[in-house]
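The structure under discussion appears below in the form of structure tokens.
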Amino acid sequence: MDSPLILVVDDDPDTRELYGLLFEVSGYSHVEADGVDAAVEVARRVRPDVIVTDWMLGDGDGITLCKALHHHGRTRRTPIIAATGMSLSPEIRDGARQLGCEMFLIKPVDVDALVRAVSNTLQIAQARSLRAAAVRLRRYARGVRESARTAPANTIALQLLAASRVRVSKSVALIVADDTGRYLAVNDRVAELTGYRSSELTTMCVADLTPEDVESMRPQLWNRFIETGTQEGVYFLKRRDGSSVPMRYVAVANIAPGLHLSALAPTEQPLPIAG
């Protein structure tokens, strides 16, 4: 699986090198920029998962960078972590937050705190992305439901997955299941993550991808999900080779009558199963 990409922005080359080494050791990929203009160009080109930036740069400051990134579609939702040795007013901090700055760190930055900040920011961004995917497909499902009231469940499920190709990032795994937990449609990302072919997955059900040590919990989780209508957290997905992969997920019940959507993505930390 691809490692998260971090863009390090600092006009001090030694700091860029230190942060870069830290991220590589922590399992992240990284790219660098030495100022606002360079950071905007790199971010638009490679679309990093998180940007870590010094507040004061040679050609601008954190607000300048946040505004430039926020006003471009490709980088509008890229989360930013700012490191500063200055005392920033509440107004400046609030303005930066509205433009995508998720967190402020005080210099000199503790390296452990920096890694934790990146990890937490990645998880927050991932959860937002999954929620957005679920919301988009639920809206689309309403239109499908109105135009095809008598269509078989499999047909509606396939239409939803076809729509996801232009509405949802390819990095998000999508599963549409029926009331019993049987898979009716999956996208290619599910096949990549599980090691099964899509044609095989549509003959399987939730139980088939649930590790044995948590299988006893699955019926309760599934029933609670159907009753409450939504569920999110971390779930362990069993691959074809028997290994288990922690997946962050957002699930929405009854996006169409008897059809339930799960949007999933690998999470970097094996957190406890959500209940």
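Taking the chain as a Gaussian network, Cα atoms linked when under 10 Å apart, which of VAL40, VAL252, VAL176 shows the biggest mean-square fluctuation? Taking springs between Cα atoms under 10 Å, the residue moving most is VAL40. Footprinting exposure proxy ranking of HIS72, HIS30, fewest other C-beta atoms within 10 angstrom first, gives HIS72, HIS30. Extension gain, ASP94-HIS71: 0.36 nm per intervening residue step, less the Cα-Cα distance, totals 6.6 nm.
Between ASN187 and LEU174, the built amide H atoms are under 5 Å apart, and every one of these is 5 or more places off in sequence or on another chain. Secondary structure note: in the chain, about 60% of the DSSP beta bridges are antiparallel. The modelled label-to-label distance between LEU158 and ARG47, using points 7 Å beyond Cα along the C-beta direction, is 2.8 nm.
Candidate values [x] -0.29, -0.56, -0.80, -1.40; [y] -0.40, -0.70, -0.89, -1.21; [z] -0.45, -0.77, -0.97, -1.26 were compared with log10 I(q)/I(0) by the Debye sum over Cα atoms at q = 0.08, 0.11, 0.13, 0.17 Å⁻¹ computed on the shown model; the agreeing label is [y]. Report for the stretch 1-141 the percent antiparallel among DSSP-assigned beta bridges with both residues inside it, nearest 5. DSSP beta bridges in the stretch 1-141 are roughly 10 percent antiparallel.
Ranked by how many other Cβ atoms sit within 10 Å of their own Cβ, fewest first, the residues LYS238, LYS170 fall in the order LYS170, LYS238. Here the relative contact order of the stretch 133-266, from alpha carbon pairs under 8 Å that lie six or more residues apart, stands at 26 percent.
Here the peptides 255-266, 15-26 are ranked by packing, the mean other Cβ count within 10 Å, and the order with the highest first is 255-266, 15-26. Ordered by the number of other Cβ atoms lying within 10 Å of each residue's own Cβ, fewest first, GLU41, GLU232 fall into the sequence GLU41, GLU232. For THR210, the residues whose modelled amide H falls within less than 5 Å of its own, excluding neighbours fewer than 5 places apart on the same chain, are LYS238.
Every read-out reported here was derived from the displayed coordinates using simple, explicitly stated rules and does not represent laboratory data. Please read these numbers as outputs of a predicted model, since none were measured by experiment. Cβ: placed from backbone, ideal geometry, glycine included. Neighbour counts: every protein chain shown.
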